[in-house]
Amino acid sequence: MITKQLLKINSHLQIAEDTFEVVLQSSMAQVLKPGQFVHIALPNHMLRRPVSVAAVDAHAETFTIIFKIFGEGTRQLGKYKAGDSLDVILPCGSYYPIDQLEMNQALIVGGGIGVPPLYYLAKSLKDKGVKVTSILGFQSKDQIFYEEKFQQIGDTYIATNDGSYGTKGFVTDIIDEMEPTFDYFFSCGPTPMLKAVSSKLDGRNGYISLEERMGCGVGTCYACVVPLKEDPSKSKKICKDGPVFSANEVILT
Amino acid sequence: MITKQLLKINSHLQIAEDTFEVVLQSSMAQVLKPGQFVHIALPNHMLRRPVSVAAVDAHAETFTIIFKIFGEGTRQLGKYKAGDSLDVILPCGSYYPIDQLEMNQALIVGGGIGVPPLYYLAKSLKDKGVKVTSILGFQSKDQIFYEEKFQQIGDTYIATNDGSYGTKGFVTDIIDEMEPTFDYFFSCGPTPMLKAVSSKLDGRNGYISLEERMGCGVGTCYACVVPLKEDPSKSKKICKDGPVFSANEVILT
Amino acid sequence: MNLTARLPGLTLKNPVMPASGCFGFGKEYSQFYDLSELGAIIVKAATGEARYGNLTPRVAETSSGMLNAIGLQNPGVEQIIEEELPFLRPYDTPVIANVAGSTVEEYVKVTKTLNHSKDITALELNISCPNVKEGGVQFGTDPSLAKEVTYQVKEASDYPVYVKLSPNVSNIVEMAKAVSEVGADGLSMINTLTGMQINLKQRKPIIANKTGGLSGPAIKPIAIRMIYEVRQSLDIPIIGMGGIITAEDALEFLLAGADAVAVGTANFQNPLACPEIINDLPRVLKQYGFDSVEDAIGKGHV
Amino acid sequence: MNLTARLPGLTLKNPVMPASGCFGFGKEYSQFYDLSELGAIIVKAATGEARYGNLTPRVAETSSGMLNAIGLQNPGVEQIIEEELPFLRPYDTPVIANVAGSTVEEYVKVTKTLNHSKDITALELNISCPNVKEGGVQFGTDPSLAKEVTYQVKEASDYPVYVKLSPNVSNIVEMAKAVSEVGADGLSMINTLTGMQINLKQRKPIIANKTGGLSGPAIKPIAIRMIYEVRQSLDIPIIGMGGIITAEDALEFLLAGADAVAVGTANFQNPLACPEIINDLPRVLKQYGFDSVEDAIGKGHV
Ligand SMILES: Cc1cc2nc3c(=O)[nH]c(=O)nc-3n(C[C@H](O)[C@H](O)[C@H](O)COP(=O)(O)OP(=O)(O)OC[C@H]3O[C@@H](n4cnc5c(N)ncnc54)[C@H](O)[C@@H]3O)c2cc1C
Ligand SMILES: Cc1cc2nc3c(=O)[nH]c(=O)nc-3n(C[C@H](O)[C@H](O)[C@H](O)COP(=O)(O)OP(=O)(O)OC[C@H]3O[C@@H](n4cnc5c(N)ncnc54)[C@H](O)[C@@H]3O)c2cc1C
Ligand SMILES: Cc1cc2nc3c(=O)[nH]c(=O)nc-3n(C[C@H](O)[C@H](O)[C@H](O)COP(=O)(O)O)c2cc1C
Ligand SMILES: Cc1cc2nc3c(=O)[nH]c(=O)nc-3n(C[C@H](O)[C@H](O)[C@H](O)COP(=O)(O)O)c2cc1C
Ligand code: FES
Ligand code: FES
């Protein structure tokens, strides 16, 4: 059941350059699944901002979001403080269907602000006993976050565009290098990365999570469609049918 | 010299129903004269809000404004706190030319949010040794402010529209009743009140202060004109030539 | 407080309805509240065949507004009748179908197909979509084309026809007169204004279609002006829209001369926008001295 | 960073100038900063005789915008030449006069009178004022009238003529073509969109003139779209305006195809708007990878 809630901010921390981790109190926290997002209203902005769920603490009834300052809205979001409230629609969208998947090993490939939802996913996979390998890409050293947390879950490899940390280059360079073994891959990040990853892992089973500018965030406005591989004249909505899609389901543009 | 300054709020107090007194710190405080106003910017509002100077403390380099919540902007202004800053243009407009006037007795007639500038005026007159009688009108008892402060300056009479305090009715009813003696009268308040006062005191020397919706507040946009009695095809700008005018100078509409 | 709004073929329990394209076919927002609370529902545009619409990005945010260029994506009129409209049956609120097309023939085809549906109460004839290459806004900016398509649709339709006008015109009264002369039962105004936003980093328009339709509070003064002007010279019922966020906004439209109002963009910001406006309206009407919705209509005219 | 902007008859040290009607004749804002910082100054409209303008209230605030209906109040062209323009002489910045009128004859008269002034560098022909009963916006919405008045003014003028277009039209390109065909040296776009706000308490339009011109960030997407469209089909210099608040906004106009920009409403909110935009512009150009103002012009086209 999707709802609009006014949520209290329990903590609001900067965790990397321009990057914030915000913990929100919500009675709906435990229904949030890995891959889903929440849709956040900001004063004096016409449109809400979609941000992925990065972690859930079902017991404390809290969930975590991690966002990077990109434009005006995320800048504003960066100025909130613990104790403030946020107007949030949740839960939004589809999730990684890990309960329906048989697997022993999972590969996680994330880039930039695509990393947060993968943390919740990685943790959930580990809790299910799946061995998780994570390959994470960032622009530079200062932007890296949650490396330790990923390490606690499984082997974690980092690439930075400028080589200031880990492998210099892209996540696909690490894939080339280490030739990981896995049953399913899960990827989230900028579209060029998703394209590179999907084509490199073509034919493998996997799931990707997409981004698109959104209007409603709930499926009414048709702003966020993506064409389907089996019939490009048909489409699905990223906010409702997605953001998680089977790797071969949609056409990345 | 008119300037734009970012001013710290020293105190922010509610002093009557929907009515706030705000003390601002400014190096320009001592140049502000009775009758002048300041032009206040508010986030997410296209236009500034004109508010009169209600008192000046030259020594502390502070000045006071008093405003009533009327619409969105003043509502927002009501939510500021001591320590916050306001973007203010000052000083704006003309002032009561009391240094050029010979007088022993002054009559002050104010209504509602027209009362604040008259307090600064009354105090300045008293400091010059002028005997001041004040007649102040409010909608109801809950909206009255600064009565004691006016009492300290001189005889003060209050009218309320609903009779919940003082004389029931209008300031003009008090004028009728007490037939005050004075050399000059000074009036500020809603236009219907100014009209009633000016026509009742027709032929007497006096000054009135006008309000009008403003664009620039500094004289560039021609939003705030008022036609002149001597030639209604000519006009003056309330923000620059006013808000204080000689009682017979302009046509009240 | 009597909130009833009466328009040709529509007696509404309150004057507030979601605007076309901002509410899909109702399913999603039915999760947030009981759609029976709504005065009516205007559903997403229907064309003759399924349409994919424009490339993405399709929306952008502007100061107090947004741009959209969905491009009339919809599953086609037949599928809408079969798959979408039945969902709204259980709700106690009239449904208005939004008719779109590239040619007069397509408009007529959609209209005739909609005659077969018992799930609707009126048609909104969308001659003002700025986001499709053919049809759409041409019909909405040329009085003779507008007249022609309105005449044909009116001939074809078993339902009352509200013509949705484009604000991208020099003379809105001329457009209103043109469609009213050929029997439009009412007007819907306004659709979006054509706008553009350029992404500084990418050095190109944000919206893939380049231009998009501007909606939201930014355009409210234009909507109010156009409704006021049309109301001054024509006696035709008007569904007013363009930037309504609050019950105060809705009242401003009634004062300008609208007989009912539609809420578009506000739904995206606040899925509860419509029921909140409806709940607030009695208080706001009372505060400004009105006894009913009908009492307020046109009262802003001097 | 080279900020030079080159337009017919105008070589500007930077592309930023205050828009007509939002800067008076410069005196007031000269108290806030040195006017020599400005790329140019467009002064308040001049008509043949002094005009009182409309009744007050003349302005209202809207979401991200404002309405105005000043009604071309000005002391008349002769007095402007004698009393107002000399004040600007000491400043190292070109002055552009804004020519208004009710008839073609009045436009021509103002133009000819302005030939006598040595204090100006160009004319902006205002055929788009929505706030006067006669003249003004008719000239700006009818291509043949626009053509006629532009032709006559161009014939009469010793100075380059920039025609200021109205956005209240179905087809902006048609208007731009009409005036460019008869020799307009450049375009100024856009003027305000006609709008209205109704006061709920008073039950009437806030602006005494009822309608007013909508300006500010609310209209920026419309301005950008119109400039983009005109630039796509015509090779005529454009002074862009409509909702510019920041240097980023100014850059967006350059990318859309403006050769220089004017800042209107922003001056009221921030008297230092123009110099702040000018100071910020080099940083913003650099941030988005441009070497100069000229390098950015039209670069948002795909
Ligand atoms: C399903 C989903 C999950 C996301 N999860 C995260 C996350 O966990 N952490 C994070 O930092 N970011 C995430 N993003 C991206 C985030 O939504 C954008 O960075 C943010 O909307 C930018 O807003 P802004 O006001 O700062 O930028 P502006 O450019 O000022 O925004 C203008 C408009 O564009 C939209 N927009 C701009 N960039 C994007 C984008 N990349 N995706 C979608 N809309 C965009 C904004 O929502 C807004 O409507 C996610 C996006 C989607 C679609
Ligand atoms: C010279 C001058 C001095 C003033 N001094 C004071 C004072 O000391 N205390 C006080 O409480 N009020 C004073 N006012 C009135 C005050 O400016 C308005 O109450 C205020 O602007 C209302 O803003 P709002 O956003 O609350 O109302 P809204 O109605 O939301 O404002 C919308 C627009 O209308 C304008 N507006 C609305 N009412 C007025 C008005 N009465 N006068 C001018 N503009 C108006 C606003 O400035 C704004 O641009 C003064 C006005 C003027 C012109
Ligand atoms: C995303 C979006 C999609 C729209 N789709 C349609 C449509 O299919 N048919 C139509 O007639 N109007 C459509 N409109 C216009 C709205 O119905 C409405 O006329 C306009 O947005 C102004 O109202 P608002 O400011 O409340 O949104 C759409 C508007 C938006 C924002
Ligand atoms: C108060 C006011 C007065 C104006 N007067 C004139 C004028 O005299 N002549 C003119 O050509 N444009 C006039 N304009 C229009 C502006 O020059 C400008 O084209 C418009 O406001 C859009 O720019 P902006 O959004 O930056 O204000 C006026 C605008 C405002 C707000
Ligand atoms: S954002 Fe509206 S349908 Fe996806
Ligand atoms: S408010 Fe602009 S001239 Fe007075």
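The values are calculated or read from the model by the stated rules, or taken from the named source; none is laboratory data. None of the values given here were measured: they were computed from a predicted structure. Neighbour counts run over all protein chains shown; Cβ positions are idealised from the backbone, glycine included. To get the accessible areas, we keep the full protein, side chains included, count just its heavy atoms, and leave off ligands, DNA and RNA. Shrake-Rupley method; radii C 1.70, N 1.55, O 1.52, S 1.80 Å.
Which whole number gives the average count of other chain Cβ atoms within 10 Å of the Cβ atoms across peptide C:263-275?
So the per-residue partner count for this stretch is 4.
Note every residue of region C:222-257 with a reduction of at least 40 square angstrom in accessible area, all protein chains present versus the isolated chain, computed with a 1.4 Å probe, or write none.
Buried by 40 Å² or more upon assembly, which counts only protein chains, are C:I222, C:R225, C:Y228, C:E252, C:L255.
Among D:I236, C:V149, B:Y157, which residue has its Cα furthest toward the positive end of the charge dipole of the protein assembly as shown, with +1 on Lys/Arg Cβ and -1 on Asp/Glu Cβ?
Most positive-ward Cα: B:Y157.
Would you tell me which residue of chain A has the beta carbon closest to the rotation axis bringing chain A onto chain B, and how many whole Å away it is?
Rotation axis A onto B, closest Cβ, rounded to whole Å: A:N44, 2.
On the full set of protein chains, 1.4 Å probe, figure out the accessible area of A:M178 and give it in Å² to the nearest 10.
The accessible area of A:M178 comes to roughly 60 Å².
Could you list, in their original order, any pairs among B:K81/B:K237; A:K237/C:K44; C:K44/C:K112; D:K220/D:K299 whose Cα atoms are separated by more than 22 Å?
Table pairs above 22 Å Cα-Cα are B:K81/B:K237.
Sequence neighbours fewer than 8 away in the same chain don't count; with that in mind, list the aspartates and glutamates whose C-alpha is under 13 Å from A:K68.
Leaving aside aspartates and glutamates fewer than 8 places away in the same chain, those within reach of A:K68 are A:E17, A:D18, A:E21, A:D142.
Picking from A:I135, D:C274, D:S30, whose Cα lies most toward the positive end of the charge dipole for the protein assembly as shown (charges on Cβ: Lys, Arg +1; Asp, Glu -1)?
A:I135
Distances from D:A50 to the same residue in each other copy, label points 7 Å out along Cα→Cβ, in nm, shortest first?
Here D:A50 shows inter-copy label distances of 7.2 nm.
Got the C:Y91 label distances to the other copies yet, label 7 Å along Cα→Cβ, in nm, shortest first?
5.6
Quick one: accessible surface of B:L201, probe radius 1.4 Å, all protein chains present, in square angstrom to the nearest 10.
10 Å²
From the helices alone, meaning DSSP H stretches of at least four residues, give me the mean residue ellipticity at 222 nm for chain B, per-run term -39500 (n - 2.57), in deg cm²/dmol to the nearest 500. The partial results should precede the final answer.
Numbers: 5 runs with 44 residues, N = 253.
After summing the helix terms and dividing by the residues of chain B, the value is -5000 deg cm²/dmol.
Mind checking region A:112-184 for chymotrypsin sites (Phe, Trp or Tyr not before Pro) that DSSP puts in a loop (not H, G, I, E or B) and that have at most 16 other Cβ atoms within 10 Å?
Listed in order of number, the matching sites are A:Y165.
Quantify how strongly other chains surround peptide D:170-183 by giving the mean number of their Cβ atoms within 10 Å of each of its Cβ atoms.
Per residue, the average neighbour count from other chains is 1.
Please sort by residue number the trypsin sites (Lys or Arg not before Pro) in region A:26-112 whose DSSP state is loop and whose Cβ has at most 11 other Cβ atoms within 10 Å.
Values: sites: A:R48, A:K68, A:R75, A:K79, A:K81; in loops: A:R48, A:K79, A:K81.
Those that pass, being in a loop and sparsely packed, are A:K79, A:K81.
Suppose R0 equals 51 Å; then what is the FRET efficiency for A:A82 and C:Q202 from their Cβ-Cβ distance, rounded to the nearest 0.05?
With a Förster radius of 51 Å, E is 0.90.
Got a number for the accessible area of C:E105? Probe 1.4 Å, square angstrom, nearest 10.
Only protein atoms counted, so the area is about 130 Å².
Kindly provide the trypsin sites (Lys or Arg not before Pro) of region D:83-174 that DSSP labels as loop, not H, G, I, E or B, and whose Cβ sees at most 14 other Cβ atoms within 10 Å.
Within region D:83-174, the qualifying trypsin sites (Lys or Arg not before Pro) (loop, at most 14 other Cβ atoms within 10 Å) are D:K118, D:K133.
In peptide B:222-235, what is the residue-averaged number of other protein chain Cβ atoms found within 10 Å of each Cβ?
That average works out to 4.
In debye, nearest 20: dipole of the protein assembly as shown around its Cα centre with unit charges on the Cβ of K, R (+) and D, E (-)?
On the way: 100 positive and 122 negative charges, 72 e Å.
I would put it at about 340 debye.
7 Å from Cα along Cα→Cβ at both B:S27 and A:M1: what's the point-to-point distance in nm?
Going from the B:S27 label point to the A:M1 one covers 6.0 nm.
Between copies, how far does the label point of B:K149 sit from its twins, in nm, shortest first, when each point is 7 Å from Cα along Cα→Cβ?
Here B:K149 shows inter-copy label distances of 5.3 nm.
Could you pull out every one of the lysines with an alpha carbon less than 17 Å from that of A:K195, ignoring same-chain neighbours closer than 8 positions?
Filter leaves A:K229.
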